[in-house]
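Read through the structure below, which is laid out as structure tokens, and then see the notes.
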Amino acid sequence: MDRLDREILRLLQQDATMAVSEIAEKIGLTTTPCWRRIQSLEQQGVIKQRVALLDANKLNLGMTVFVQVKAGKHDISWLTTFAEHAAKIEQIVEFYRMSGEYDYLLKVMVADMQAFDEFYKQLVSGVDLSDVTSSFAMEQIKYTTALPV
């Protein structure tokens, strides 16, 4: 990946709807070679998909909660069951297996405390969890989906 590919990626992370001709002009290429580079980046899987970023507050999802979970068991069967269970819960927007005191970290988006309580009941139902703790985000200081390229 060279400087031009990185510039293309920076531009697409800012606005995935930008026309190829506009990208080409900004990086000093003609349209066809720029289009080929974008196609190559997609085929390599560097560009995974192009999406719209939504405003959580305007969708009444203004409460962000970070939920830490300790596993009920430490085996592949439990992990598979928990991963499948969590994948079905739409309020979980990010899900990580962690090192440290807690085994999993979930980023959850809900409307309010009542919606979080409903989420919590769904999370703990049917899965053996050792411990669950939640932290409520008071203020979002930085948010970006752009990777440093």
Inspect all residues belonging to the range 61-70 and state whether any of them is closer than 17 Å to Thr145 by Cβ and in the same structural domain as Val132 (by TED's automatic domain parsing). yes
State all residues of the range 76-130 that are basic (Lys, Arg) and within 20 Å of the chain's Cα centre (by Cα); if no residue qualifies, say none. Lys88, Arg97, Lys107
For the range 45-84, what are the residues that are surrounded by fewer than 16 Cβ atoms within 10 Å (Cβ to Cβ), in contact with a Phe, Trp or Tyr (Cβ under 7 Å, 6 or more places away or on another chain) and at pLDDT 95 or above? Lys70
The residue that is surrounded by the most Cβ atoms within 10 Å (Cβ to Cβ), considering only those in the range 104-124 that are under 24 Å from Gln140 (Cα atoms) and of a type outside the set (A, V, I, L, M, F, W, C), is Tyr104
Being in a loop (DSSP other than H, G, I, E, B) and at pLDDT below 95, is that true of even one residue in the range 87-99? no
Scan the range 116-133 and give yes if some residue there is touching a helix residue (DSSP H, G or I) at 6+ places or on another chain (Cβ under 9 Å), basic (Lys, Arg) and not in a strand (DSSP E or B), otherwise no. no
Between a first residue in the range 34-46 that is in contact (Cβ under 8 Å) with a residue 40 or more places away in the chain and a second residue that is of a type in the set (Gly, Ala, Ser), which pairs have beta carbons less than 9 Å apart while being 6 or more apart in sequence or on different chains? Val46/Ser40
Which residues, taken from the range 86-97, are of a type outside the set (S, T, N, Q) and either surrounded by 16 or more Cβ atoms within 10 Å (Cβ to Cβ) or touching a helix residue (DSSP H, G or I) at 6+ places or on another chain (Cβ under 8 Å) (or both)? Ala86, Ile89, Ile92, Phe95, Arg97
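The values are calculated or read from the model by the stated rules, or taken from the named source; none is laboratory data. Only a predicted model underlies this, so the values are computations on that prediction, with no experimental measurement involved. Every residue, glycine as well, gets a Cβ built from its backbone with ideal geometry; the counts of neighbours run over all protein chains shown.
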